[in-house]
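So the structure is just underneath, and the comments pick up after that.
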Amino acid sequence: MALTPNLLFKKQTKYLYQSINLTVVSLFLAISIILTVFWNLQPIREQMINWYVINLLILALRLILAYFYQRSAAENSSQKWIYLFIFGACLSGTLISLIIFLIPDSQDNYTYVLLLLGIMIVASIASLGVIKRAFFFYLASLSIVLVIFFLSHTGEFQSFHFYAYIIIFLFSSSAAMRFNKSLASTFTEEIENTLLRQQLSKEIDERMLAEQESRNKTLELQILNDNLESKIKEKTSELKNLAFYDTLTQLPNRHHFYDYLERTLSRNKITQEPFALFFIDLDEFKNINDTLGHDFGDSLLIKVSSRLRECTRVDDFIARISGDEFIVILKGDLSENQIAKIANNIITSISQPYIFSDSQTFISCSLGIALYPQDGETSNTLVKYSDLAMYHAKENGKNSFHFYDSELYNKKARKFILATALKTAIKNNELYLVYQPQVGTRNGQVSSMEVLLRWNSHRFGPVPVYKFIPIAEESNQILELENFVLRTALTQVKRWNEQAGKSFRVAINISALHFRHKGFVQQIVSILSEIDFNPEFLELELTESALMTNTQESIDKLTFLKSLGLKISIDDFGTGYSSMSYLKQLPVDTLKIDKSFIDGIPDDHNNKAITKAIIELAHQFNLETVAEGVEYKHQLDFIKKAGCDIIQGYYYYKPLTAADFAKEFKLKPAVN
């Protein structure tokens with residue numbers, strides 16, 4: 001309980017009341033002594049008109065004293081037994097005096113007195129409820145009163161009654177003074193104790209509050225921890241899903257696939273259970289993304305993944321490992337026929353039309369198959385071999401499947417080795433140019449030539465063009481090679497023209513990849529400027545497929561190059577689109593008849609008809625024609641009769657090195 005001003009006032013009032021109590025008791029005791037003196041003085045008592053009044057006053061004062069001492073005993077535990085002693089004396093003396101007052105002759109008859117004292121003892125025990133120690137003090141005080149009573153009623157000791165009261169008065173006064181003296185220190189001590197209890201209570205309350213707050217915080221932390229653990233579990237599940245599953249198709253992703261394959265291989269090393277690995281790639285999927293958009297492409301991938309699930313068994317494993325590449329693992333000891341049947345079902349299913357809200361789309365896939373354990377026993381080997389088989393299926397027309405065989409790997413390895421060697425061919429001076437003269441049919445003069453690239457590898461020796469040019473295109477080295485050809489050939493032809501006063505025109509093949517490059521036109525302009533070559537003596541040979549990829553862009557590029565003075569020819573005409581509509585639009589100068597048509601002349605009537613038709617078509621569009629691969633006289637005669645303008649082939653000249661070309665036409669030594 002806090003020590004409020006109200007509580008402090010109550011405590012002060014209590015101690016003040018106790019102080020007044022003892023003071024009043026002492027005062028009443030003094031009055032009682034004075035009245036007793038008057039009572040015992042015979043001369044005064046005889047002169048009193050009504051001595052009963054004095055006697056009644058003495059009785060009243062004794063009763064008051066008895067009351068106050070009883071209250072003091074109840075409220076002061078430290079001096080309780082002394083107050084009980086005085087209380088018993090006062091009460092006993094009062095009752096004895098009352099008996100004497102009411103029964104005049106009772107002071108000579110002690111039977112009444114003793115009877116009354118017995119009643120007093122029983123009544124006191126019943127009314128006060130004293131314990132043994134209190135009862136001892138009460139009997140002691142009662143004995144003293146009896147002694148005083150008997151002595152005061154004998155002649156010799158009548159004055160003893162008076163002195164006894166004097167002793168009781170002094171004792172009471174001394175007790176009052178001692179109490180008043182200790183009152184201040186007791187009050188201060190109790191205040192300090194109260195303050196101490198209050199401080200302890202406050203500290204206890206604060207500690208309990210702190211403990212409660214600690215428990216609350218612990219509970220809050222527990223709740224937060226539970227929530228955090230729940231969120232961590234959710235995030236862990238989400239991260240695991242992101243780490244192991246494709247978010248678009250919900251199929252296992254690349255990481256999940258390799259983890260699954262490693263576990264499968266570890267298990268199958270013990271069980272020796274075979275399985276087949278399918279590597280699936282969608283054909284021309286990039287075109288769908290580029291033309292219809294990535295959202296449409298994503299929807300298509302979802303449908304493709306659904307069809308893969310339908311074509312496989314429950315125990316089979318399906319994964320999407322990249323944009324348009326999927327993996328299927330067929331479990332169990334299946335024969336090659338059974339595996340081929342499942343692969344064919346997948347190809348057939350995927351090639352079926354895909355229906356969307358306002359359209360339908362078609363797509364196909366190429367599929368490569370590697371078998372465990374005969375094709376490989378590691379994850380990298382199986383994936384690599386199935387990938388090789390898939391690319392072989394693409395090279396053979398797409399929309400098909402192919403089993404891996406060792407020749408595929410050997411072929412791939414050779415291509416890789418050649419591609420690596422080709423990267424250093426220019427630096428190692430392994431590449432050189434040959435020049436095949438072109439002869440006009442009207443005058444038989446050489447006015448132009450076609451430049452061809454050759455590779456004489458230090459490691460492999462002469463490498464055929466049909467082997468290293470595709471590798472250069474696949475490894476994206478073709479741009480560097482063709483720029484090398486342009487610089488070398490233009491430098492050489494410029495020197496020959498300047499030395500001999502000739503006007504040789506040089507024809508250089510440009511690949512589709514190079515032509516479609518964004519910086520192609522700028523590269524041509526830069527090289528012409530760098531060498532200071534007259535553009536009128538440069539002819540670029542392009543295939544039909546290169547020109548038809550993006551017709552309008554091709555027209556824009558060719559128009560610009562034509563404005564510089566360059567000649568444009570279509571190489572291998574008749575083997576591609578051969579469309580009159582695009583031939584009319586494209587700003588070209590020459591059509592080169594492919595060697596495959598010349599080879600059958602004159603026995604193959606179809607080749608003769610095609611060759612003649614190409615020449616007539618070119619003349620109708622005011623274009624020149626060049627016949628490639630003319631080797632025999634009868635071929636030459638037919639081509640001349642058909643009206644071809646220029647002849648190129650072994651009948652006149654084989655491809656010549658720069659030195660041989662200079663020697664043949666009496667020119668100065670070559671650049672290379």
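The values are calculated or read from the model by the stated rules, or taken from the named source; none is laboratory data. Just so we're clear, the structure is a prediction, and the values are computed from it rather than from any experiment. Note that we place each Cβ from the backbone using ideal geometry, even for glycine, and neighbour counts take in every protein chain shown. Accessible surface areas use protein heavy atoms only, side chains included; no ligands, DNA or RNA. Shrake-Rupley method; radii C 1.70, N 1.55, O 1.52, S 1.80 Å.
Computed values, structure above
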{"read-out": "Residues of the range 396-431 satisfying the condition of being among the hydroxyl-bearing types (Ser, Thr, Tyr) and open to solvent by 50 Å² or more (accessible area, probe 1.4 Å)", "value": "Ser406, Tyr409, Thr420, Thr424"}
{"read-out": "Checking Asn344 against (1) surrounded by 13 or more Cβ atoms within 10 Å (Cβ to Cβ); (2) modelled with pLDDT under 90; (3) out of contact with any helix residue (DSSP H, G or I) (no Cβ under 9 Å at 6 or more places or on another chain); (4) farther than 30 Å from Ala489 by Cβ, the condition it does not meet", "value": "(2)"}
{"read-out": "Pairs where the first residue, in the range 625-641, is among the polar types (S, T, N, Q) and the second is part of a loop (DSSP other than H, G, I, E, B), C-beta under 9 Å, 6+ apart", "value": "Thr625/Gly643; Thr625/Cys644; Thr625/Asp645; Gln635/Ile601; Gln635/Pro602; Gln635/Gly629; Gln635/Gly649; Gln635/Tyr651"}
{"read-out": "Failed criterion for Leu265 (all others in (1) of a type in the set (A, V, I, L, M, F, W, C); (2) in a loop (DSSP other than H, G, I, E, B); (3) open to solvent by less than 70 Å² (accessible area, probe 1.4 Å) hold)", "value": "(2)"}
{"read-out": "Residue in the range 368-377 that is out of contact with any Pro (no Cβ under 9 Å at 6 or more places or on another chain) and open to solvent by 50 Å² or more (accessible area, probe 1.4 Å) present", "value": "yes"}
{"read-out": "Residue list for the range 348-361, restricted to those being closer than 13 Å to Arg309 by Cα and of a type in the set (Val, Ile, Thr)", "value": "Ile350"}
{"read-out": "Residue tally, condition among the small types (Gly, Ala, Ser) and more than 30 Å from Leu282 (Cα to Cα), over the range 394-443", "value": "3"}
{"read-out": "Residue within the range 511-525 that is among the hydroxyl-bearing types (Ser, Thr, Tyr), open to solvent by less than 30 Å² (accessible area, probe 1.4 Å) and assigned to a loop (DSSP other than H, G, I, E, B) present", "value": "yes"}
{"read-out": "Single condition Ile302 does not satisfy, out of (1) in contact with a strand residue (DSSP E or B) (Cβ under 9 Å, 6 or more places away or on another chain); (2) of a type in the set (A, V, I, L, M, F, W, C); (3) in a helix (DSSP H, G or I)", "value": "(1)"}
{"read-out": "Hits in the range 327-338 - residues which are surrounded by 14 or more Cβ atoms within 10 Å (Cβ to Cβ) and in contact with a Phe, Trp or Tyr (Cβ under 8 Å, 6 or more places away or on another chain)", "value": "Ile327, Val328, Ile329, Leu330, Lys331"}
{"read-out": "Checklist (1) open to solvent by less than 40 Å² (accessible area, probe 1.4 Å); (2) within 30 Å of Pro353 (Cβ to Cβ); (3) part of a helix (DSSP H, G or I) applied to Asn287, failing item", "value": "(1)"}
{"read-out": "Some residue of the range 566-578 being open to solvent by 10 Å² or more (accessible area, probe 1.4 Å), of a type in the set (D, E, K, R) and more than 30 Å from Lys663 (Cβ to Cβ)", "value": "yes"}
{"read-out": "Members of the range 389-408 found to be farther than 18 Å from Tyr258 by Cβ and touching a residue at least 24 places away in the same chain (Cβ under 8 Å), listed by number", "value": "Ala389, Tyr391, His392, Ala393, Lys394, Lys398, Asn399, Ser400, Phe401, His402, Phe403, Tyr404"}
{"read-out": "Single residue of the range 463-510 satisfying the filter (within 25 Å of Leu547 (Cβ to Cβ) and acidic (Asp, Glu)) that is surrounded by the most Cβ atoms within 10 Å (Cβ to Cβ)", "value": "Glu482"}
{"read-out": "Unmet requirement for Thr575, which otherwise passes all of (1) of a type outside the set (D, E, K, R); (2) modelled with pLDDT of 90 or more; (3) touching a helix residue (DSSP H, G or I) at 6+ places or on another chain (Cβ under 8 Å)", "value": "(2)"}
